[in-house]
Amino acid sequence: RTLRYPAEVNVQATSADVQVHRTGQATASVKRRYSGLQYENGDLHHYVNSEYDDQKKWLQHFFDIPSFDVTAFSIQNKKEKIPSAVIIADLKMDRFATVSGKRIFFMPNLMNRNSSVPEKTDDRKTPNIKRTAYIDVDTIRYDLPEEVYPEFLPQNVSISSRFGEYTATFKVEQGNLMYIRRLKMNKGEFPASSYQELIDFHRGISRADNIKMVFMSKT
């Protein structure tokens with residue numbers, strides 16, 4: 001029988017420290033843990049024991065960052081009752097932020113942006129079936145240049161529906177930006193009449209995930 005893991009077991013947890021430069025370049029130290037069914041994301045369970053080059057190609061393909069290079073990494077396979085793997089990587093991002101005059105623009109959601117929204121339909125007949133429950137948690141700390149300050153700080157986001165819960169928080173303090181994102185998706189069979197609610201839920205997540213922040217230089 002297939003094991004049925006609750007959301008609290010199917011976790012993808014990411015923590016990262018990102019050094020942002022005035023030029024728009026950035027470097028990052030990332031740690032990501034996959035457990036439960038998330039251990040199979042992108043066929044990771046096949047790559048945990050692969051050759052170095054194949055693992056690096058996997059990272060470059062499945063780390064959801066627009067443009068980056070992997071300068072160092074390791075993958076630790078945890079052979080336990082609940083499978084898990086831990087990836088530690090150093091990244092270089094030459095075009096992380098957009099610089100325009102005294103302004104610096106970037107998305108605080110480093111590598112877990114959701115832009116997929118279910119297609120709208122006016123006459124949904126079948127139920128919405130979600131077979132897997134899971135949790136994603138991202139904790140990203142940005143070390144900002146000393147001479148910049150936020151021109152625009154987004155409001156914290158909280159979205160709740162029968163399909164799941166989403167929060168995103170933004171906090172700037174002592175030259176650092178702390179971004180924390182948490183998404184919990186529920187499994188179950190939901191009536192066809194809930195389809196618009198599903199669209200609205202994913203649309204809200206996509207909008208929050210793709211928020212840009214604007215920083216101004218004092219000089």
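Being within 19 Å of the chain's Cα centre (by Cα) and part of a strand (DSSP E or B) holds for only one residue in VAL117, VAL86, VAL99, and it is VAL86.
Please pick out the residue among TYR52, TYR47 that is surrounded by 13 or more Cβ atoms within 10 Å (Cβ to Cβ) and more than 25 Å from LYS184 (Cβ to Cβ). Exactly one residue qualifies, and that residue is TYR47. Could you say which residue among PRO154, PRO150 is part of a strand (DSSP E or B), open to solvent by less than 60 Å² (accessible area, probe 1.4 Å) and farther than 16 Å from ALA7 by Cα? Being part of a strand (DSSP E or B), open to solvent by less than 60 Å² (accessible area, probe 1.4 Å) and farther than 16 Å from ALA7 by Cα holds for just one of PRO154, PRO150, which is PRO150. When the residues of region 1-44 are filtered to those that are assigned to a helix (DSSP H, G or I) and among the hydrophobic types (A, V, I, L, M, F, W, C), which remaining residue is least open to solvent (accessible area, probe 1.4 Å)? By that ranking, first place goes to LEU44. State whether the residues of region 49-63 include one that is among the hydroxyl-bearing types (Ser, Thr, Tyr), free of Cβ contacts under 8 Å to residues at least 24 places away in the same chain and in a loop (DSSP other than H, G, I, E, B). The answer is yes, given that some residue of region 49-63 is among the hydroxyl-bearing types (Ser, Thr, Tyr), free of Cβ contacts under 8 Å to residues at least 24 places away in the same chain and in a loop (DSSP other than H, G, I, E, B). From the list LEU110, LEU177, which one is farther than 22 Å from ALA7 by Cβ and within 14 Å of the chain's Cα centre (by Cα)? Result: LEU110 is the single residue among LEU110, LEU177 that is farther than 22 Å from ALA7 by Cβ and within 14 Å of the chain's Cα centre (by Cα). Checking each residue in region 166-186 for being open to solvent by 40 Å² or more (accessible area, probe 1.4 Å) and either farther than 30 Å from ARG22 by Cβ or in a helix (DSSP H, G or I) (or both) picks out THR167, ARG182, LYS184, ASN186. Taking the conditions exactly as written (at pLDDT 95 or above and open to solvent by less than 70 Å² (accessible area, probe 1.4 Å)), does LEU110 satisfy them or not? Judged against the criteria, LEU110 is a match.
What pairs come out if I take residues in region 79-97 that are basic (Lys, Arg) and pair them with residues that are surrounded by fewer than 20 Cβ atoms within 10 Å (Cβ to Cβ) whose C-beta lies under 7 Å away, six or more apart or interchain? Listed by first residue and then by second, the contacts come to LYS92/THR27; LYS92/ASP69; LYS92/THR71; ARG95/GLY24; ARG95/SER67.
Does region 113-131 contain any residue that is closer than 28 Å to GLN19 by Cα, hydrophobic (A, V, I, L, M, F, W, C) and either touching a helix residue (DSSP H, G or I) at 6+ places or on another chain (Cβ under 9 Å) or touching a residue at least 12 places away in the same chain (Cβ under 8 Å) (or both)? Looking for residues that are closer than 28 Å to GLN19 by Cα, hydrophobic (A, V, I, L, M, F, W, C) and either touching a helix residue (DSSP H, G or I) at 6+ places or on another chain (Cβ under 9 Å) or touching a residue at least 12 places away in the same chain (Cβ under 8 Å) (or both), one finds none in region 113-131, hence no.
Scoring GLU189 on the criteria (1) touching a strand residue (DSSP E or B) at 6+ places or on another chain (Cβ under 6 Å); (2) of a type outside the set (S, T, N, Q); (3) surrounded by 13 or more Cβ atoms within 10 Å (Cβ to Cβ) leaves a single failure, condition (3).
The values are calculated or read from the model by the stated rules, or taken from the named source; none is laboratory data. Predicted, not measured: the structure shown is a model, and the values here were computed from it. Heads up, the Cβs are rebuilt from the backbone with ideal geometry, glycines too, and the neighbour counts pull from every protein chain shown. SASA here: full protein model, heavy atoms, side chains in, ligands and nucleic acids out. Shrake-Rupley method; radii C 1.70, N 1.55, O 1.52, S 1.80 Å.
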